[in-house]
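In what follows, a single structure is set out as structure tokens and then discussed.
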Amino acid sequence: MAITGPGPGPGLADGADPSSAVPFAPQKPGGGGGSGGYWRLAAFVVSVALVAVYVSYYYRAPRTITILQATLGDFRLEMLQEKQPVVLQERVADMAALQAAWFPRTRRLARSPAIAPPPPPNSPGEWQTNPYKILMIQPTPESGAQEVFLYRAPSSAPLRRGAAPPPDATLVGIRLEPRQTLMLPHRIAFAIHPAALPAAEGAAPPPPAPPAPPATIGVHDYVTYFLPSP
């Protein structure tokens, strides 16, 4: 009985020189790498779409401005998700303590924006658009009471820097007493005026003194930090 060894390997004919054989490269199941590249591209496209949808949320807000009132006891961070201004009824001596308590994760990204000083009384204030996730405004004893006017421009016609709302725009105003805190949502336009002092009956109003600006703290999150300033 003849016992034969294994036949020639792939690419090796009977009697051929083994050195002339064509190397054999085993293939992994499932074919080449074309399908892997497709799935990587699909995952990248889906990731970009999800990020775009998430960022677009920062540009959507209610058209009507409603100022929410809260106390230190009943304030909840979920109120800020309504993208409406929130005013605290109590007087707070240290606004930075509120920032540290309510926004601890974004504390390292906090900024103290250089808000333009309020204009003299009876003259229009400079309109600005809030670039922060939350902008906290608080009149000080030196600045006195302040009036803050608010305007929310439609996304199709954003308010340009240095421009004023259209004449037929609906503005919302609120008077802030010293140490009273107002929190503004992202991309809302605002202008600050010193509140007029009541004059005594029959007396001329006192001449306006150069007012001090109110205290402000801007709090970014990791999205608004990289968004272009409005």
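The values are calculated or read from the model by the stated rules, or taken from the named source; none is laboratory data. No experiment lies behind these values; they were computed from the predicted model shown. All Cβ positions, glycine included, derive from the backbone under ideal geometry; neighbour counts span all protein chains shown.
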Elements of type strands (runs of 3 or more DSSP E) in the stretch 149-230, at least 3 residues being modelled with pLDDT under 90 and under 30 Å from Pro104 (Cβ atoms): 215-219
Any hit, the stretch 4-12, residues being at pLDDT 80 or above and farther than 30 Å from Ser156 by Cβ: no
Residue tally, condition surrounded by 15 or more Cβ atoms within 10 Å (Cβ to Cβ) and within 11 Å of Gln180 (Cβ to Cβ), over the stretch 90-105: 2
Residues located in the stretch 61-89, provided they are assigned to a loop (DSSP other than H, G, I, E, B) and either more than 16 Å from Ala189 (Cβ to Cβ) or of a type in the set (S, T, N, Q) (or both): Thr64, Thr66, Thr71, Leu72, Gly73, Asp74, Phe75, Arg76, Gln84
Every pair of residues 6+ apart whose Cβ atoms lie under 7 Å, when the first sits in the stretch 130-150 and is more than 17 Å from Glu90 (Cβ to Cβ) while the second is hydroxyl-bearing (Ser, Thr, Tyr): Pro131/Thr224; Pro131/Ser229; Tyr132/Thr224; Lys133/Thr224; Leu135/Thr216
Cross-chain or 6+ apart pairs with Cβ under 6 Å, the stretch 154-170 first and under 17 Å from Arg63 (Cα atoms) and touching a residue at least 24 places away in the same chain (Cβ under 8 Å), then of a type in the set (Gly, Ala, Ser) and in a loop (DSSP other than H, G, I, E, B): Leu159/Ala153
Contacts under 6 angstrom Cβ, first residue in the stretch 79-101 being at positive phi and modelled with pLDDT of 90 or more, partner in a loop (DSSP other than H, G, I, E, B) and surrounded by 15 or more Cβ atoms within 10 Å (Cβ to Cβ), 6 or more apart: Lys83/Ala61
Residue ID - surrounded by the most Cβ atoms within 10 Å (Cβ to Cβ), chosen from residues in the stretch 40-67 that are in contact (Cβ under 8 Å) with a residue 12 or more places away in the chain and under 14 Å from the mean Cα position of the chain (by Cα): Ala61
